[in-house]
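Down below is the structure, laid out as structure tokens.
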Amino acid sequence: MKVSFSAPAKVILSGEHAVVYGKPALVSSLDLRLKTTILKGEGESLENLNVVEKVVEEYLRKNKIPFKKQSYRVKIDSQIPIGRGLGSSASFSVASVASFLKFLTGKNFSKEVVNNLAYRVEKHFHGRPSGIDNSASCFGGLIFYRREFEFLKVISRLNFKIPKNIENKLYLVDTGKPVESTREMVEKVGRLLNEKPKETRLIFSEVERVTKQMVVAIVKEDLNFFAKAVKRNEELLEELGVVSKFALKKLLPLKESGVFKITGAGGEKGPVGFVLYVDLKGKGKEVLEKTGFSYFKFKFDDKGLLEEK
Ligand code: PMV
């Protein structure tokens, strides 16, 4: 017996950090996948997989769904860079939850169930994640996400795609793995909010406005409006103190041909993870080479979790 599921990476287009404080975020899934395969037989288990197994079994017991425990081995194949804001951990959680559910019961479960369990797994790994990563990975496409309460997360899958005229201009630039963890960056913004509540709340509200502008830009297929939102979003993230001077200096050549923003938690001392770049003037490759960073073209995914045969 063999079960296998894959789940895509994600990119936060707008709203990181503000999303922790109840503001919306716009997330897109990305055509890079992580695949979990579970096979019958003996094998070494990974610590992270024990968490998935525990969460899945708890759910099955609680809901009185019959399941059969048997020895297994696991294979993980991933195209997603680790620890740089592209949601490798969430796609691992989503693909592994779906695989365990099927391995133990022989059945497929809804994406809603998989997503809820993946969120529980993510909480084990990251403390208090907003839930955007696992939602984008599980459902795929464009997700407008807002956490109203811990028990009410509004996950709206938008029924349109990133239009080609915008997608064609997008690159993802790898500045490297930040020194700080996502949790540390979230705590840093938390401290800023404590010290300067009024100013910081104003930034969050402005981020919300920008996130909505980005949705409108996508609907209207308006590249320039999209780029304006990206630029403003970056300025606000810089005000939150999550974009290091180191990265800004290195990314300077990109301004010759377009605009950029960090995507994800960012970094304070060194690298900031991945950066979303809008190459407005078409000199992309030339200016990207100047940064010395590796990069690739943004490719939209709208499939989310998939069973692999
Ligand atoms: O580092 P990433 O890509 O997982 O993004 C974190 C996004 C934050 O808004 C900073 C935190 C969160 O849990 O939403």
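The values are calculated or read from the model by the stated rules, or taken from the named source; none is laboratory data. Just so you know, these numbers come straight off a predicted model, no measurement behind them. Glycine also receives a Cβ, built like all others from the backbone with ideal geometry; neighbour counts cover every protein chain displayed. The accessibility values were calculated without ligands, DNA or RNA, using every heavy atom of the protein model including side chains. Shrake-Rupley method; radii C 1.70, N 1.55, O 1.52, S 1.80 Å.
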Note on the range 15-28: residues away from the ligand (no atom under 11 Å from the Cβ) and under 11 Å from the mean Cα position of the chain (by Cα) are Leu26, Ser28
Picked from the range 1-59 (must be out of contact with any Phe, Trp or Tyr (no Cβ under 9 Å at 6 or more places or on another chain) and among the acidic types (Asp, Glu)), the residue farthest from Gly106 (Cα to Cα) is Glu16
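The rows are residues; the columns are (1) in contact with a helix residue (DSSP H, G or I) (Cβ under 8 Å, 6 or more places away or on another chain); (2) within 13 Å of the ligand (Cβ to nearest atom).
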{"position": "Pro129", "(1), (2)": "yes, yes"}
{"position": "Ile132", "(1), (2)": "yes, yes"}
{"position": "Ser137", "(1), (2)": "yes, yes"}
{"position": "Ile143", "(1), (2)": "yes, yes"}
{"position": "Asn165", "(1), (2)": "yes, no"}
{"position": "Leu170", "(1), (2)": "no, no"}
{"position": "Glu180", "(1), (2)": "yes, yes"}
{"position": "Met185", "(1), (2)": "no, yes"}
{"position": "Lys198", "(1), (2)": "no, no"}
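Scan the range 296-303 and give yes if some residue there is part of a helix (DSSP H, G or I) and open to solvent by less than 10 Å² (accessible area, probe 1.4 Å), otherwise no.
Checked the range 296-303: no residue is part of a helix (DSSP H, G or I) and open to solvent by less than 10 Å² (accessible area, probe 1.4 Å).
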Checked against (1) polar (S, T, N, Q); (2) surrounded by fewer than 21 Cβ atoms within 10 Å (Cβ to Cβ); (3) touching a Ser or Thr at 6+ places or on another chain (Cβ under 6 Å), Asn168 satisfies every condition except (3)
*If we scan the range 40-56, do we find a residue that is open to solvent by less than 40 Å² (accessible area, probe 1.4 Å), without any contact (Cβ under 8 Å) to a residue 60 or more places away in the chain, not basic (Lys, Arg) and not in a loop (DSSP other than H, G, I, E, B)?*
yes
When every residue in the range 123-142 that is modelled with pLDDT under 95 and either surrounded by fewer than 24 Cβ atoms within 10 Å (Cβ to Cβ) or outside the structural domain of Ile76 (by TED's automatic domain parsing) (or both) is compared, the one nearest to Lys69 (Cα to Cα) is His124
Apart from one, (1) in a strand (DSSP E or B); (2) closer than 19 Å to Ala265 by Cβ all hold for Val3; the odd one out is (2)
TODO: Would you be able to say whether some residue in the range 94-116 is under 29 Å from Leu276 (Cα atoms), among the hydrophobic types (A, V, I, L, M, F, W, C) and surrounded by fewer than 21 Cβ atoms within 10 Å (Cβ to Cβ)?
DONE: no
Per the list (1) surrounded by 24 or more Cβ atoms within 10 Å (Cβ to Cβ); (2) touching a Gly at 6+ places or on another chain (Cβ under 8 Å), residue check on Gly83 breaks on (1)
task = Could you check, for the range 147-161, whether at least one of its residues is open to solvent by less than 40 Å² (accessible area, probe 1.4 Å) and away from the ligand (no atom under 12 Å from the Cβ)?
result = yes
Scanning the range 227-278 for residues that are in contact (Cβ under 8 Å) with a residue 60 or more places away in the chain and surrounded by fewer than 17 Cβ atoms within 10 Å (Cβ to Cβ) gives Lys269, Gly270
Note on Leu306: of the conditions (1) out of contact with any Asp or Glu (no Cβ under 9 Å at 6 or more places or on another chain); (2) within 15 Å of the ligand (Cβ to nearest atom), unmet is (2)
